[in-house]
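One structure is given here, and the rest of the page talks about it.
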Amino acid sequence: MRLFCFCISVGVLAACALTRADDDAFRLRVTDTKSNLNLPEFLVKGSTVTPDCPCEWSIRKITLRGGKQAGSELIIVDNGKTTITLIPTRGMGLLSVVAGDLTLGWESPVKEIVHPKFINLQTRGGLGWLEGFNEWMCRCGLENNGQAGEDKFINNVGDEATMQLTLHGKIANIPASRVEIVVDRKSPYTIRVHGRVDEKMFYGPKLELLTELATQPDASTFRISDVVTNKGAQPQEFEMLYHANYGRGLLEAGATLVVPAKQVTPFNANAARDVDTFDTYRGPTLGYIEQVYALRLYGDKQDRTTVLLQNKKQDRGVSMSWSLKQLPYLTQWKNTAAVQDGYVTGLEPGTNFPYNRSVERKFGRVPKLAAGASYAMAVDFGLHVGEGAVKSVQARIKAIQSGRKTTVDQEPQKTED
């Protein structure tokens with residue numbers, strides 16, 4: 001594997017398509033369809049970009065070869081403590097996060113980083129999205145993010161027509177049109193990876209997603225920030241769901257979800273059978289059928305909330321924090337099937353629940369953007385090792401709950417008249 005190293009001189013960097021910065025930050029444009037630019041492989045070293053930083057960090061890019069992953073690209077950010085792998089080819093999703101022996105990710109039956117050109121979203125009644133599903137975190141949206149099925153729309157001649165929505169939408173299978181690396185040269189030496197993913201069509205949605213991954217050297221925390229903009233001249237619906245998936249290492253028999261829940265509602269009758277134990281997990285179970293729960297959460301005085309997935313011993317965990325003004329809903333997906341079939345749970349903050357868009361529209365949970373308008377979202381993640389670190393997050397969540405009641409619905413929400 002050949003890597004081009006961008007750590008020699010300003011002249012070399014300029015020759016390799018470094019964008020001109022407005023400030024003192026290091027900037028490297030990686031992909032730009034407008035200028036027909038794509039750097040297939042490179043290496044950026046902290047010792048050159050931020051020589052005063054006490055922690056060595058690096059960013060590299062590789063292009064995968066062979067099989068259905070041929071042409072897929074990975075950007076690997078190593079901040080000195082935590083290694084985060086992004087997939088620009090798959091909507092700027094994140095393949096995995098590793099800090100020491102703690103990994104955020106799961107063991108999907110899909111082993112390759114499948115290039116979108118090999119995905120047919122219409123397969124198996126609109127479930128083709130699952131042919132490439134193996135990321136730790138993938139975005140679902142933007143036109144829709146829920147269950148496959150029929151919905152109505154206005155067609156090109158102005159008539160109401162029907163369309164077949166596919167599972168979780170298109171954005172995770174659209175390659176980024178622009179990718180840029182930005183690193184502050186001064187403390188705290190923030191490392192950022194920016195992306196732009198376009199979900200646009202003639203006589204259809206014209207949505208632009210701007211993404212940012214931000215972390216700092218020697219940190220076990222990072223932030224994902226997104227802005228969705230309606231680039232069209234008319235109002236446009238959109239949906240966003242952050243499908244964060246956790247497998248063995250955190251998920252095990254006795255693992256628990258700590259959450260400041262206001263209301264818990266099962267998605268269907270199968271989930272309703274175990275709704276009273278929604279927050280505890282089984283070990284790998286042959287023949288397990290997924291159970292999904294719709295959660296409404298309490299927030300603090302700033303309407304921010306936090307959730308924690310912790311192992312049985314409560315000495316390892318991952319936290320997710322966000323604004324309920326931006327992402328009002330949380331979906332919990334429990335799929336504690338046999339390991340070979342995909343032993344995993346999903347914790348999924350969203351603008352809505354992932355029912356079919358026709359259902360979400362009926363309940364007023366489908367946001368709409370005016371022409372030219374934007375919607376910003378961000379989720380903060382933390383990896384926690386040690387009983388003390390986990391208990392600290394538990395205390396934060398308990399403070400948010402503040403003794404307020406949790407309502408656990410015994411029946412699913414009625415979605416049909």
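Every number here is computed from the coordinates shown, using simple stated rules; none is lab data. Just so it is clear, the model here is predicted, and its values are computed rather than measured. Cβ atoms come from the backbone with ideal geometry, glycine included; neighbour counts cover every protein chain shown.
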- Given labels modelled 7 Å from the Cα in the Cβ direction, how far is it in nm from T48 to K200? 3.4 nm
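Neighbour counts of other C-beta atoms within 10 Å: give me L86, L39 arranged from fewest to most. Working shown, then result.
On the way: L86 26, L39 18.
Starting with the residue having the fewest Cβ neighbours, the order is L39, L86.
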- Query: In terms of Cα to Cα distance under 15 Å, which aspartates and glutamates are near enough to K312, apart from those fewer than 8 places away along the same chain?
  - Reply: E252, D279, E387
- Item | Stretchable slack from K414 to D303, in nm (0.36 nm times residue separation minus alpha-carbon distance) | 37.2 nm
- Using 0.36 nm per residue of separation minus the Cα-Cα distance, give me the extension gain between K405 and R296 in nm, one decimal. 38.0 nm
- Where in region 333-417 are there chymotrypsin sites (Phe, Trp or Tyr not before Pro) that are in a DSSP coil and have at most 15 other Cβ atoms within 10 angstrom of their Cβ? F363
- Task: Please say if region 108-204 is rounded, prolate or oblate, where rounded means a/c under 1.5 for a ≥ b ≥ c the square roots of the C-alpha gyration tensor eigenvalues, and otherwise the choice is prolate for a/b larger than b/c and oblate otherwise?
- Result: oblate
- Residue-averaged 222 nm ellipticity for the chain, from DSSP H runs of 4+ at -39500 (n - 2.57), nearest 500: -2500 deg cm²/dmol
- Message: To make sure I understand the rule: partners must be lysines, Cα under 26 Å from the Cα of K117, and not fewer than 8 residues away in the same chain. Which ones qualify?
- Response: K34, K61, K68, K170, K200, K206, K231
- At a Förster distance of 45 Å, what's the computed FRET efficiency of A269 paired with T33, Cβ-Cβ distance as r, to 0.05? 0.45
- Measuring from the lowest to the highest alpha carbon on each principal axis, how far does region 356-417 reach, largest first, in angstroms? 47, 39, 20
- Task: Starting from the Cα-Cα distance between T123 and D276, subtract it from 0.36 nm times their residue separation and give me the gain in nm to one decimal.
- Result: 51.6 nm
- Local net charge near G46, Cβ-Cβ under 11 Å (Lys/Arg +1, Asp/Glu -1): -2
- Which labelled figure in [x] 21.3, 67; [y] 20.7, 58; [z] 20.2, 65 is Rg and Dmax of the Cα atoms in Å, once derived from the coordinates: [x]
- Note on the structure: Quick calc, region 10-408, dipole around Cα centre from Cβ unit charges on Lys, Arg (+) and Asp, Glu (-), nearest 20 debye, gives 420 debye
- Fraction of beta bridges assigned by DSSP in the chain that are antiparallel (%, nearest 5): 95 percent
